[in-house]
Each structure stands twice: as C-alpha cells, then as structure tokens.
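Here the structure comes first, spelled out in structure tokens, and everything after it is commentary.
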Amino acid sequence: MKTKTKLWFTEDGKPVMGAGKASLLKAIDEEKSLRKACKKLDISYKHAWLMLKRMNERLGEPAVSTVRGGKNQGTFLTDLGRKLLKEYEVSKQLVNEAIGDETAWENIGFKLTARNRLSGKVLEVEKGDRISKITIEIDPAVLTSIITEEAVDKLNIEPGDQVYAVIKSTEVMIAKAASEEIGENDTF
C-alpha cells in the first residue's frame, strides 16, 4: 500500500492552484508562450485560458501577462505567478519527502492512530461568518485547519497560542491546553 496526497492552494475557500495549474505555469515559464505551453501539455488553448482566467479572478491579480507584437512578444509569469509556482513546488517537495520518508513521521512525534496530535503555535486566525481558518506553525511546516467560529470562540484561540492539531482520518481538529505550556505527554 502507498500513501498519496494532493496539494492545492485556496483563496477564501476556493481552489486557486493545484497540480494542473502549476504544470501550466511551469510550461508557460519554460516556453514563454501560452500556445506552446498548451502543445507541450497536450491541452486545448481554450481550456488553459479558462484555467488562467479563474486563477486570476480568485487571486485578484494576474499570474501571467501577455506581450503582443514585436521582438519580445509572448506570455510570461508575473512576480505573483513566479511566487505561486515556487511556493507550490517547495510545498509539494516537503509533502512528498514527509510522505516518502517513514522516519519523518517519527521525527515530529506522529503516531499512526486515530488520536494523532501535533503541537504548534497559532500564526493567524481568520474568522468567517460560520467557519474560521486557523494557520498553525508546526516546525518545519505550516498547517491550516478549517473549524467552526464557535470552536474558535470556545477555545479562545488567538495568534501566538500553543495548540494541538488533532488529526483524524477525515479532518484536523484544534485543541488548546488549559495551561500555556503544552507538554508532549499531555492527555485530553
């Protein structure tokens, strides 16, 4: 049996970029042309254009720019596009290394049971109408969990708090110790 994962970036809960869009950005960067990138990836120009349009709408600014006519014409990644692609590739490599290296799980204290928990520090709390997004630093990575606004209020979660990311087979929950110190042997 093998472990597999998918990685994608979201904005306001909507997907921005996954493997397909990352491949498209990489091909555009290499070919300096949307048409050549489409040919390289064996996808239609219209499909690629719609993918980029959706990505740009969700980001609020373009990931690629097009220069028409002249010696320097083509399609190029913007600074945002380069940043997104680099972030995606680094994140993908980190995930693949962690999944592929069985000892990596031991290094972060991960036990393969229904009560997996990782100690971390809250970096950001984005409250929504019903759900909130909690960003947690679990060295050497950053984890994001979507939980109810009610849970954030009950636990009084704020940036800087030490919390546990409790990983179940279908979700990541957040737990906060009663004291400020979280020890490895704390129980619930």
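Against the conditions (1) in a strand (DSSP E or B); (2) modelled with pLDDT of 80 or more; (3) more than 21 Å from Thr10 (Cα to Cα), where does Arg117 fall short? Just the number, please.
The number of the failed condition is (2).
Check off (1) at pLDDT below 80; (2) under 30 Å from Lys36 (Cα atoms) for Ser91 and give me the number that stays unchecked.
Going through the list (1) at pLDDT below 80; (2) under 30 Å from Lys36 (Cα atoms), Ser91 breaks only (1).
With at pLDDT 85 or above, surrounded by 14 or more Cβ atoms within 10 Å (Cβ to Cβ) and closer than 16 Å to Val95 by Cβ as the only criterion, which of Leu143, Leu123 stands out?
It is Leu143.
Glu150 - would you say it is at pLDDT below 85 and not in a strand (DSSP E or B)?
For Glu150, the condition - at pLDDT below 85 and not in a strand (DSSP E or B) - is met.
At pLDDT below 95 and hydrophobic (A, V, I, L, M, F, W, C): which single residue out of Ala63, Ala27 fits that description?
Result: Ala63 is the single residue among Ala63, Ala27 that is at pLDDT below 95 and hydrophobic (A, V, I, L, M, F, W, C).
When residues of the stretch 1-25 are filtered for being under 20 Å from Gln73 (Cβ atoms) and touching a residue at least 60 places away in the same chain (Cβ under 8 Å), how many remain?
Counting residues in the stretch 1-25 that are under 20 Å from Gln73 (Cβ atoms) and touching a residue at least 60 places away in the same chain (Cβ under 8 Å) gives 1.
Take the stretch 49-73 and flag every residue that is crowded, with 17+ Cβ neighbours inside 10 Å and assigned to a strand (DSSP E or B).
Of everything in the stretch 49-73, just one residue is crowded, with 17+ Cβ neighbours inside 10 Å and assigned to a strand (DSSP E or B), namely Val64.
Assuming Lys39 fulfils every condition listed in (1) under 18 Å from Gly18 (Cβ atoms); (2) in a helix (DSSP H, G or I); (3) touching a helix residue (DSSP H, G or I) at 6+ places or on another chain (Cβ under 9 Å) apart from one, which condition is it?
So Lys39 meets the others, but not (1).
Read through the list (1) without any contact (Cβ under 8 Å) to a residue 40 or more places away in the chain; (2) surrounded by fewer than 14 Cβ atoms within 10 Å (Cβ to Cβ), then give the number of the only condition that Ile43 fails.
Here Ile43 clears every test but (2).
The values are calculated or read from the model by the stated rules, or taken from the named source; none is laboratory data. All of these numbers come straight from a predicted model, not from anything done at the bench. Cβ sites come from the backbone with ideal geometry, for glycine too, and all protein chains shown count toward neighbours.
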